[in-house]
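Inspection log for the structure reproduced underneath, given as structure tokens.
Each reported figure results from applying straightforward, stated rules to the coordinates on display, with no laboratory input. Remember, it's a predicted structure, so these values are computed and weren't measured experimentally. No Cβ is skipped: glycine too gets one built from the backbone with ideal geometry, and neighbour counts run over all protein chains shown.
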Amino acid sequence: MVRHSKNNTASSVFTYAERKMTEYGTQRRRLGHDAKRSFDTCYLCLRTARAPIMLCTQGHVSCRECVLAGILEQKQAIARAEQRLEKQQQKDAAERQQQQRARDEREIDSHERRQVGLRDKRPGDGEPHDGKRARLLAGPRPAGGSEKKALTSFWIPSMAPTAAAAAKAPAPSVQCLAGAEAHPLRLKELVEVRFRTAANGDRLCPSCDRALRNSSKVDVLAPCGHAICHRCVSTFVLGSGACFVCQHKVSAKDVIRIDSEGTGFAAAGGQMVATRYDSALQA
Ligand SMILES: [Zn+2]
Ligand SMILES: [Zn+2]
Ligand SMILES: [Zn+2]
Ligand SMILES: [Zn+2]
């Protein structure tokens, strides 16, 4: 049969267009400008950051409201995890103590039996006439002897070994989760950013009056919080050692670059392709 246009459904294999439509297997999408977070977008609520805008030491922008709520939530989670861990440790210690006590009791029991003349023999080894009596006196054997022998199939679900749910150690401190790698976040290290905003909402560089975009490198001076484009910072601010706006003394180590996800063009960097891995049957 001759193939006729895309509506051919009689084929035994998918066309390229059909395979794309199924969303089956690993998917790759090229990310455009719309998929990128703007440099002045709060990484927690994903909206344009509301004043007061805070900046962490690695250049992640957030609203103060969002970052404070995030810190509080993480602190509560850490406290909860610590409590869980403590409870688990207490339970483990109690269990160990109980096992030790049971072991001691067994030891004392067998010692007493030896004292009164009954030999502490395991069932089945020697002494045919005395074995049965000793076994009866020894009482029930610990589980795991003959009962397990009856069930020889290892795939019986009830015989599968179980691991006790272990409480995990909490994160050592509050973390900023904005970047690819988490880093410690401390409230007193946050810098309040001061943008110069135009009437249309654009953020402007106070020095050269250019609109700041994801493609421009935006630097924030940590002591005063003024956001200035990188070119002006390297030319004027670091040259004179003072902020262009408020004349606050600054040095090179006070400059924090605002993290931006790029523009969707290869030239402005950032992650360009998103991949969703999926196992698919290969025909
Ligand atoms: Zn926010
Ligand atoms: Zn950060
Ligand atoms: Zn500038
Ligand atoms: Zn300043």
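Ordering His60, His230, His111 from the fewest to the most neighbouring beta carbons within 10 Å gives His111, His230, His60.
Regarding the range 198-266, what's the average projected area of the Cα-atom convex hull, expressed in nm²?
On the way: hull surface 20.2 nm².
Reported value for the Cα convex hull: 5.1 nm².
Taking the number of other C-beta atoms within 10 Å as the exposure measure, put Val233, Val13 in order starting with the fewest. Don't skip to the answer; put the middle values down first.
Numbers: Val233 26, Val13 7.
The most exposed by this proxy come first: Val13, Val233.
Express in whole angstrom the spacing between the alpha-carbon centres of the range 65-121 and the range 210-227. Using only Cα atoms, the two centres lie 55 Å from each other. Counted over the range 69-120 with a bin width of 10 Å, the fraction of Cα pairs per bin, in whole percents, is 22, 22, 17, 15, 12, 8, 4, 0. Ranked by how many other Cβ atoms sit within 10 Å of their own Cβ, fewest first, the residues Arg84, Arg19 fall in the order Arg19, Arg84. What the Cβ-Cβ distance of Leu46 and Thr197 gives, at R0 = 22 Å and to the nearest 0.05, is a FRET efficiency of 0.70.
Residue pairs exceeding 24 angstrom between C-alpha atoms, taken from Lys91/Lys168; Lys75/Lys188; Lys36/Lys168: Lys36/Lys168.
What FRET efficiency comes out for Lys249 versus Gln58 if R0 is 30 angstrom and r is the Cβ-Cβ distance? Round to the nearest 0.05. List each step's numbers first, then the result.
Working: r = 23 Å, r/R0 = 0.78.
That gives a FRET efficiency of 0.80.
Once the C-beta distance of Tyr24 and Phe265 is scaled by a Förster radius of 41 Å, the resulting FRET efficiency is 0.85 to the nearest 0.05. For the peptides 249-261, 88-100, the ranking by packing is 249-261, 88-100, with the highest mean count of neighbouring Cβ atoms within 10 Å listed first.
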